[in-house]
Amino acid sequence: MRKIIIAIDGFSSTGKSTVAKQLANKLHYIYVDTGAMYRAVTLYAMQKGFISNEFFYKDDFILNLQHINLEFKFNDKLGYAEVHLNGINVETKIRSLEVSNLVSKVSEISEVRKKLVEQQQQMGIHKGIVMDGRDIGTVVFPDAEVKLFMTASAEKRAKRRYDELIGKGDIVTYDEILENVIKRDHIDSTREDSPLVKADDAIVIDNSDLTLEEQFEKIYTIVIEKINN
Ligand code: DC
């Protein structure tokens, strides 16, 4: 079977990573969560004291980008690759609300985007990859064979993220998650460099009222048709 690139973009918490992982497992493709890369860079900025809710020493941070090394290492038990920041597994840490609240500020920096996009393009050089993010079909792989644009209502997405965080034992309220989702939608889609926009040739998947199974069936059919053509 010929190998292709599958680009999945969309707003936060639209279930991009769930379907991307399902596809990668079924097709034996590599799955890359680019949001995890922006989150890991944000965590680095927090840990080194470049950013907090009160300040952002942007110029100093940009000078330090060269010290950031990101890698994905496959976890057999989980069935997907986890992100490592300078050799340390940060998969859990990057999902906190603190990181979610600061990640948009870090991901709007062109120097950050340039560094991560280059690494992402390298990862797709042999195809056989499912990548999810905001600019995959528009900037990272404009020639991807399949482009999906996922969407769902802000309330549905906030509820999903709320359930996920509560399930992990985090203390958060639904209202603060909804506020974060709406704020990130706004920053992600209005930033100057690589805003979240649907590629002209992307297929829109609104999963507000789809079960996971229904969604997967729909997307898998699209992908297989493309592979066979
Ligand atoms: O997919 P996510 O919610 O984990 O992504 C976290 C943030 O990273 C999101 O608010 C926007 C940013 N991001 C981006 O700018 N470009 C990408 N390709 C992926 C994520």
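The values are calculated or read from the model by the stated rules, or taken from the named source; none is laboratory data. The shown structure was predicted, so the numbers you read here are calculated from the model rather than taken from an experiment. For neighbour counting, all protein chains shown are included, and Cβ atoms are generated from backbone atoms with ideal geometry for every residue, glycine included. Areas reflect the complete protein model, heavy atoms only, side chains present, ligands, DNA and RNA absent. Shrake-Rupley method; radii C 1.70, N 1.55, O 1.52, S 1.80 Å.
Descriptive notes on the structure:
- Our summary of shape: the Cα atoms of segment 70-146 have principal axis extents of 34, 33, 21 Å, ordered from largest down, in whole angstrom.
- 15 Å beta-carbon shell around S96, net charge (K/R +1, D/E -1): +1
- Label-point separation, N229 to H126 (7 Å along Cα→Cβ), nm: 2.8
- Each peptide among 109-122, 55-68 gets the average number of other Cβ atoms lying within 10 Å of its residues, and from highest to lowest they stand as 109-122, 55-68.
- Listed pairs K48/K159; K77/K114; K3/K26; K21/K73; K93/K168; K26/K115 exceeding 21 Å between Cα atoms: K48/K159; K77/K114; K26/K115
- Cα principal axis extents for segment 117-200, largest first, Å: 41, 27, 20
- Antiparallel bridge percentage (DSSP; both residues within the chain; nearest 5): 35
- In the chain, the longest principal axis of the Cα atoms and the axis of helix 154-167 are about 70 degrees apart.
- Axis of helix 97-107 versus longest Cα principal axis of the chain: the two differ by about 80°, to the nearest ten degrees.
- Between E118 and V197, the simple spin-label model (points 7 angstrom out along Cα→Cβ) gives 2.5 nm.
- Measuring max minus min along each principal axis, the C-alpha atoms of segment 1-81 give extents of 48, 25, 25 Å (largest first).
- Peptides 188-196, 10-18, ordered by how many other C-beta atoms sit within 10 Å of their residues on average, highest first, read 10-18, 188-196.
- Nearest-20 debye value, the chain charge dipole, Cβ charges on Lys, Arg, Asp, Glu: 500
- With respect to the chain, whose longest principal axis is taken over its alpha-carbon atoms, helix 174-190 is tilted by about 80°.
- Accessible surface ranking for T34, T221, 1.4 angstrom probe, highest first: T221, T34.
- Sparsely packed loop sites in segment 118-190 (the trypsin sites (Lys or Arg not before Pro) outside DSSP H, G, I, E and B with at most 12 other Cβ atoms within 10 Å) comprise K168.
- Since only A24, N180, S12 are under comparison, the one whose Cα sits farthest along the positive direction of the charge dipole of the chain, derived from C-beta charges on Lys, Arg, Asp and Glu, is A24.
- Here I62 and R2 are evaluated by their C-beta separation; at R0 = 45 Å the FRET efficiency comes out at 0.65.
- Euclidean distance between Cα centres, segment 67-139 to segment 168-203, Å: 16
- Ranking S107, G167, F149 by Cα position along the charge dipole of segment 106-229, where only Lys, Arg, Asp and Glu carry charges on their C-beta atoms, puts S107 farthest toward the positive end.
- Scattering profile of segment 161-229 at q = 0.17, 0.19 Å⁻¹ [log10 I(q)/I(0), Debye over alpha-carbon scatterers]: -0.95, -1.02
- The fraction of Cα-Cα pairs per 5 angstrom bin, counted from 0 for the chain, comes to 1, 6, 14, 19, 21, 18, 12, 5, 2, 1, 0 percent, rounded to whole percents.
- Segment 138-183: proportion of alpha-carbon pairs further apart than 11 angstrom, %: 70
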